[in-house]
Amino acid sequence: MHQLEEQLNDVFTKKISYQIPDHARSTIVKFMPWLTLAGGILSLLGAGAAYTAITVVNRMMDGYLNMAYPYNYAPMTSASPLLWVVLLILLGEAILFFAAFPALRDHKRKGWLILYWVNLVYVLYALVHLIAAYDFANFIFSLLGSAVGLYILFQIRSYYTEAGAPAQVKPASPNDKKETPATKPKDKTEA
(Lines give C-alpha, C1' and ligand atoms only; values in the text may rest on other atoms or scores of the structure.)
Protein backbone atom coordinates (compact mmCIF):
# COMPACT_ATOMS: atom_id res chain seq x y z
CA MET A 1 0.00 0.00 0.00
CA HIS A 2 2.96 2.31 0.53
CA GLN A 3 3.73 1.86 -3.18
CA LEU A 4 0.19 3.01 -4.08
CA GLU A 5 0.65 6.08 -1.89
CA GLU A 6 3.91 6.95 -3.65
CA GLN A 7 2.33 6.47 -7.10
CA LEU A 8 -0.61 8.70 -6.15
CA ASN A 9 1.85 11.25 -4.76
CA ASP A 10 3.61 11.35 -8.13
CA VAL A 11 0.31 11.77 -9.96
CA PHE A 12 -1.17 14.44 -7.70
CA THR A 13 1.97 16.49 -7.00
CA LYS A 14 4.47 16.02 -9.83
CA LYS A 15 2.53 15.04 -12.95
CA ILE A 16 -0.44 17.36 -12.48
CA SER A 17 0.03 20.81 -13.98
CA TYR A 18 -1.82 22.91 -11.38
CA GLN A 19 -0.34 23.15 -7.90
CA ILE A 20 -2.24 24.77 -5.06
CA PRO A 21 -0.41 27.97 -3.99
CA ASP A 22 1.43 27.87 -0.65
CA HIS A 23 -0.84 30.36 1.09
CA ALA A 24 -3.90 28.33 0.07
CA ARG A 25 -2.24 25.12 1.26
CA SER A 26 -1.51 26.59 4.68
CA THR A 27 -5.13 27.80 4.89
CA ILE A 28 -6.40 24.31 4.02
CA VAL A 29 -4.11 22.79 6.65
CA LYS A 30 -5.35 25.31 9.20
CA PHE A 31 -9.01 24.39 8.64
CA MET A 32 -8.58 20.68 7.84
CA PRO A 33 -9.10 19.44 11.44
CA TRP A 34 -12.35 21.38 11.72
CA LEU A 35 -13.59 20.23 8.32
CA THR A 36 -12.79 16.67 9.38
CA LEU A 37 -14.74 17.14 12.61
CA ALA A 38 -17.70 18.48 10.60
CA GLY A 39 -17.39 15.47 8.28
CA GLY A 40 -17.57 13.15 11.28
CA ILE A 41 -20.73 14.85 12.53
CA LEU A 42 -22.32 14.70 9.06
CA SER A 43 -21.39 11.02 8.77
CA LEU A 44 -23.10 10.34 12.11
CA LEU A 45 -26.19 12.19 10.91
CA GLY A 46 -26.13 10.16 7.69
CA ALA A 47 -25.79 6.94 9.67
CA GLY A 48 -28.77 7.99 11.77
CA ALA A 49 -30.80 8.62 8.61
CA ALA A 50 -29.76 5.23 7.19
CA TYR A 51 -30.75 3.50 10.44
CA THR A 52 -34.11 5.29 10.41
CA ALA A 53 -34.68 4.21 6.81
CA ILE A 54 -33.84 0.61 7.69
CA THR A 55 -36.22 0.52 10.65
CA VAL A 56 -39.05 2.21 8.71
CA VAL A 57 -38.66 -0.18 5.78
CA ASN A 58 -38.53 -3.18 8.11
CA ARG A 59 -41.69 -2.07 9.94
CA MET A 60 -43.52 -1.39 6.71
CA MET A 61 -42.48 -4.70 5.23
CA ASP A 62 -43.46 -6.51 8.39
CA GLY A 63 -46.89 -4.91 8.66
CA TYR A 64 -48.10 -4.55 5.09
CA LEU A 65 -46.62 -7.67 3.55
CA ASN A 66 -47.84 -9.88 6.37
CA MET A 67 -51.36 -8.61 5.69
CA ALA A 68 -51.00 -9.27 1.96
CA TYR A 69 -49.16 -12.57 2.30
CA PRO A 70 -50.46 -14.61 5.21
CA TYR A 71 -48.45 -17.40 6.83
CA ASN A 72 -45.10 -15.62 6.27
CA TYR A 73 -44.94 -16.21 2.54
CA ALA A 74 -43.94 -12.62 1.87
CA PRO A 75 -41.32 -12.31 -0.91
CA MET A 76 -39.11 -9.86 1.04
CA THR A 77 -39.50 -8.97 4.68
CA SER A 78 -36.52 -6.73 5.44
CA ALA A 79 -34.52 -3.78 4.16
CA SER A 80 -31.93 -4.10 1.44
CA PRO A 81 -28.49 -5.33 2.51
CA LEU A 82 -27.09 -2.26 0.73
CA LEU A 83 -28.67 -0.05 3.40
CA TRP A 84 -26.81 -2.01 6.08
CA VAL A 85 -23.55 -1.58 4.15
CA VAL A 86 -24.22 2.17 3.89
CA LEU A 87 -24.89 2.32 7.63
CA LEU A 88 -21.65 0.49 8.47
CA ILE A 89 -19.57 2.61 6.10
CA LEU A 90 -20.99 5.84 7.49
CA LEU A 91 -20.34 4.73 11.07
CA GLY A 92 -16.79 3.68 10.18
CA GLU A 93 -16.22 6.95 8.35
CA ALA A 94 -17.45 8.95 11.36
CA ILE A 95 -15.13 7.03 13.70
CA LEU A 96 -12.16 7.61 11.37
CA PHE A 97 -12.93 11.33 11.05
CA PHE A 98 -13.11 11.71 14.82
CA ALA A 99 -9.87 9.73 15.21
CA ALA A 100 -8.12 11.95 12.64
CA PHE A 101 -9.12 15.24 14.28
CA PRO A 102 -6.47 15.43 17.08
CA ALA A 103 -3.68 14.19 14.82
CA LEU A 104 -4.56 16.72 12.10
CA ARG A 105 -4.68 19.50 14.68
CA ASP A 106 -1.13 18.56 15.73
CA HIS A 107 0.03 18.20 12.11
CA LYS A 108 0.83 14.52 12.54
CA ARG A 109 1.12 12.19 9.58
CA LYS A 110 -1.25 9.74 11.29
CA GLY A 111 -4.15 12.14 10.72
CA TRP A 112 -3.25 12.58 7.08
CA LEU A 113 -3.06 8.79 6.63
CA ILE A 114 -6.51 8.33 8.15
CA LEU A 115 -7.99 10.77 5.63
CA TYR A 116 -6.09 8.99 2.85
CA TRP A 117 -7.64 5.66 3.90
CA VAL A 118 -11.11 7.21 4.13
CA ASN A 119 -10.76 8.32 0.50
CA LEU A 120 -9.66 4.85 -0.61
CA VAL A 121 -12.54 3.20 1.28
CA TYR A 122 -14.93 5.65 -0.38
CA VAL A 123 -13.70 4.49 -3.81
CA LEU A 124 -14.36 0.90 -2.74
CA TYR A 125 -17.82 1.89 -1.52
CA ALA A 126 -18.54 3.49 -4.90
CA LEU A 127 -17.65 0.19 -6.59
CA VAL A 128 -19.91 -1.77 -4.23
CA HIS A 129 -22.73 0.69 -4.84
CA LEU A 130 -22.25 0.40 -8.61
CA ILE A 131 -22.46 -3.40 -8.45
CA ALA A 132 -25.39 -3.49 -6.01
CA ALA A 133 -27.52 -0.63 -7.31
CA TYR A 134 -26.38 -0.27 -10.95
CA ASP A 135 -26.12 3.48 -10.41
CA PHE A 136 -23.42 4.56 -12.86
CA ALA A 137 -23.94 8.32 -12.34
CA ASN A 138 -23.39 8.00 -8.59
CA PHE A 139 -20.28 5.93 -9.29
CA ILE A 140 -18.80 8.63 -11.57
CA PHE A 141 -19.55 11.42 -9.08
CA SER A 142 -18.06 9.37 -6.24
CA LEU A 143 -14.87 8.81 -8.25
CA LEU A 144 -14.64 12.51 -9.09
CA GLY A 145 -15.15 13.43 -5.43
CA SER A 146 -12.46 10.98 -4.35
CA ALA A 147 -10.06 12.30 -6.99
CA VAL A 148 -10.56 15.88 -5.77
CA GLY A 149 -10.14 14.75 -2.16
CA LEU A 150 -6.95 12.85 -2.96
CA TYR A 151 -5.61 15.80 -4.97
CA ILE A 152 -6.07 18.15 -1.99
CA LEU A 153 -4.65 15.59 0.44
CA PHE A 154 -1.50 15.03 -1.58
CA GLN A 155 -1.05 18.76 -2.12
CA ILE A 156 -0.90 19.28 1.68
CA ARG A 157 0.98 16.06 2.49
CA SER A 158 4.27 17.84 3.22
CA TYR A 159 2.68 19.73 6.13
CA TYR A 160 2.24 16.52 8.14
CA THR A 161 5.16 14.72 9.79
CA GLU A 162 5.57 11.78 12.14
CA ALA A 163 6.45 14.06 15.06
CA GLY A 164 3.90 16.72 14.18
CA ALA A 165 4.38 20.44 14.47
CA PRO A 166 2.83 23.28 16.44
CA ALA A 167 -0.24 24.82 14.81
CA GLN A 168 1.61 28.10 14.03
CA VAL A 169 4.43 26.40 12.10
CA LYS A 170 4.14 26.22 8.35
CA PRO A 171 6.65 25.23 5.67
CA ALA A 172 8.77 28.11 4.46
CA SER A 173 7.79 29.56 1.14
CA PRO A 174 10.14 31.46 -1.15
CA ASN A 175 7.34 34.01 -1.63
CA ASP A 176 7.17 34.81 2.09
CA LYS A 177 8.71 38.19 2.85
CA LYS A 178 10.40 38.65 6.19
CA GLU A 179 10.40 42.03 7.82
CA THR A 180 13.79 43.37 8.73
CA PRO A 181 14.53 46.70 10.37
CA ALA A 182 15.50 48.11 6.95
CA THR A 183 12.25 47.01 5.25
CA LYS A 184 9.95 47.66 8.21
CA PRO A 185 7.54 50.52 7.52
CA LYS A 186 8.11 53.57 9.68
CA ASP A 187 5.50 54.88 12.08
CA LYS A 188 4.20 58.35 11.37
CA THR A 189 5.20 59.28 14.88
CA GLU A 190 8.87 58.44 14.15
CA ALA A 191 9.10 60.79 11.17
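The values are calculated or read from the model by the stated rules, or taken from the named source; none is laboratory data. Remember, predicted model here, so these are calculated numbers, not experimental data. Ideal geometry is used to build each Cβ from the backbone, glycine not excepted, and the neighbour counts take in all protein chains shown.
For this structure, a couple of remarks:
- Single condition PHE136 does not satisfy, out of (1) surrounded by 14 or more Cβ atoms within 10 Å (Cβ to Cβ); (2) more than 25 Å from PHE31 (Cβ to Cβ); (3) at pLDDT 80 or above: (1)
- Assessment of the range 19-39 against the conditions (part of a loop (DSSP other than H, G, I, E, B) and more than 19 Å from the chain's Cα centre (by Cα)) yields at least one matching residue.
- Selection status of ALA167, at pLDDT below 80, under 23 Å from LEU35 (Cβ atoms) and surrounded by fewer than 18 Cβ atoms within 10 Å (Cβ to Cβ): yes
- Residues of the range 68-87 that are surrounded by 13 or more Cβ atoms within 10 Å (Cβ to Cβ) and at pLDDT 70 or above: LEU82, LEU83, TRP84, VAL85, VAL86, LEU87.
- Those residues of the range 8-18 which are farther than 14 Å from GLY149 by Cα and surrounded by 10 or more Cβ atoms within 10 Å (Cβ to Cβ), in sequence order: ASP10, ILE16
- Single condition THR52 does not satisfy, out of (1) within 27 Å of LEU113 (Cβ to Cβ); (2) exposed (fewer than 13 other Cβ atoms within 10 Å of the Cβ): (1)
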